[in-house]
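This report concerns only the one structure given below.
The values are calculated or read from the model by the stated rules, or taken from the named source; none is laboratory data. Just so we're clear, the structure is a prediction, and the values are computed from it rather than from any experiment. Note that we place each Cβ from the backbone using ideal geometry, even for glycine, and neighbour counts take in every protein chain shown. When the accessible area is computed, the model is the full protein with side chains, heavy atoms only, and any ligands, DNA or RNA have been set aside. Shrake-Rupley method; radii C 1.70, N 1.55, O 1.52, S 1.80 Å.
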Amino acid sequence: MTDTSKNIAFIGIGKMGLPMSALVAKAGFAVTAFDQSAARINEARAQGIAIAASPAEAVSDKAAVVTSLPDDVALRGALLGPTGVIAAMAPGAILIETSTVSVEASTDVAAAAQARGIAYLRAPVSGNASIVHTGTLTCFVSGPNDAFENAKPLFAAFTRAQTYLGPAEEARYAKLSVNLMIAVSAAMMAESLALARKGGIAWQDILKVLDDSAVASPMVKYKTAPLRTRDFESTFSCKQMAKDLDLILGAGHAVGVPLQLAAQVRETYGSLVAQGDGDTDFIATVKHLERLSGLGEPKL
């Protein structure tokens, strides 16, 4: 990106979007943002980010627009239609969409972008709200390769690494595939920990066993740390995981892949939400299995 194309818009400045936009501003881009939440707008203003009165004003004449939205409904509502972001963007601009959404919704966005001469990059980020500000998110990218090459300095401002995967919806499938592994891993950890506790192993001991064993993946170590103190404060909630599993199952049905584990784990997260744990961290699968097993809180 040349210096003349450093004017960027951010649509959606929530848990992920706000710290991402702050990093982009810090990297020397001129950032204008829009969000429907007054509280988020005030927070962004406090960080020195310019605020637009409407999405159309935010994206007008910008070289690139980055969106961070919660779900398919928000994506379609913000981007599509005569008053949507795509209709207000300058032809030739780049749309970088960082959310976890369905392949179908993304395909609708691609068609609208193509009709307007806008380069659409699907760029779902991997990581969570607790690490965004450190710039260590990674992202999967698909869409026009030349647009990806042009946008590399912008991506480098808010992600540590980017994997380019192809010209169409490949990045959406990558994100759903990774989240499927995370969801099933959380369910698997819960069963392992409950079995170990029932077998008389102390809580800290079984966590150490997992950390020192062949199964000690980055995912396992990422969750054994908060489990040591039984910290279930959300980095990514049970409710969000249930939503992502719905997207994963939908994608599997669409392309003919039987996702039996995903279906089972979706019901686990459904149970957690029904029991009032929807806003707790997705590793609350541990508490769910303990309840099913008749286990109380372990001694720390």
- Message: On a full-extension model of 0.36 nm per residue, what is the gain between Glu104 and Asn145, subtracting their alpha-carbon distance, rounded to one decimal in nm?
- Response: 12.6 nm
- Item | Antiparallel %, DSSP beta bridges [both residues in the chain], to 5 | 15 percent
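Say R0 is 30 Å: what FRET efficiency, to the nearest 0.05, do Asn42 and His253 get from their beta-carbon distance?
Working: r = 42 Å, r/R0 = 1.39.
With a Förster radius of 30 Å, E is 0.10.
Probe of 1.4 angstrom, ligands and nucleic acids ignored: what's the accessible area per residue over the chain, in square angstrom? Present the calculation step by step, with values, prior to reporting the outcome.
Values: 13400 Å² over 300 residues.
Value for the chain: 45 Å² per residue.
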- Cα→Cβ-extended label distance, 7 Å offset, between His133 and Asp61, nm: 3.3 nm
- Note on the structure: Which residues qualify? For Leu95, with a placed amide H closer than 5 Å and at least 5 residues away or on another chain, they are Val65, Ala119, Tyr120, Leu121
- Task: With r as the distance between the Cβ atoms of Lys152 and Ser213 and R0 = 41 Å, compute the FRET efficiency 1/(1 + (r/R0)^6) and round to 0.05.
- Result: 0.60
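Could you look at the stretch 34-112 and say what percent of its accessible area is carbon and sulfur, using a 1.4 Å probe and all protein chains? Please list the in-between numbers first.
Values: 1810 of 3340 Å².
Its accessible area is 54 percent carbon and sulfur atoms.
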- With all distinct Cα pairs included, what does the Kirkwood hydrodynamic radius of the stretch 1-158 come out to in Å, to one decimal, could you say? 15.2 Å
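Among Lys15, Lys26, Lys175, Lys152, what's the order by accessible area (1.4 angstrom probe), most exposed first? Don't skip to the end; give the middle numbers.
Numbers: Lys15 145, Lys26 170, Lys175 15, Lys152 80 Å².
Descending order: Lys26, Lys15, Lys152, Lys175.
What does the C-alpha gyration tensor say about the overall shape of the stretch 1-81? Classify as rounded when a/c is under 1.5, otherwise prolate if a/b is larger than b/c, or oblate. Walk me through the numbers on the way to the answer.
Numbers: a/c = 1.69, a/b = 1.22, b/c = 1.39.
Oblate is the answer for the stretch 1-81, as a/c is 1.5 or above yet b/c matches or exceeds a/b.
If the chain between Glu191 and Arg116 were fully stretched, how many nm would it gain, using 0.36 nm times the residue separation less the Cα-Cα distance?
Values: separation 75, 0.36 × 75 = 27.00 nm, distance 5.01 nm.
Value of the extension gain: 22.0 nm.
Can you tell me what percent of all Cα-Cα pairs in the chain are more than 24 Å apart?
On the way: 24318 of 44850 pairs.
Tail of the P(r) past 24 Å holds 54 percent of the pairs.
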- Note on the structure: Taking a ≥ b ≥ c as the square roots of the eigenvalues of the Cα gyration tensor, with a/c under 1.5 meaning rounded and otherwise prolate when a/b exceeds b/c and oblate if not, the stretch 205-252 is oblate
- Yeah, the stretch 104-155 with a ≥ b ≥ c from its alpha-carbon gyration tensor (a/c under 1.5 is rounded, else prolate when a/b outruns b/c, oblate otherwise) is oblate
- Query: Is there a pair in Lys223/Lys287; Lys15/Lys243; Lys198/Lys287; Lys15/Lys152 whose C-alpha atoms are over 19 Å apart, and which pairs would that be?
  - Reply: Lys15/Lys152
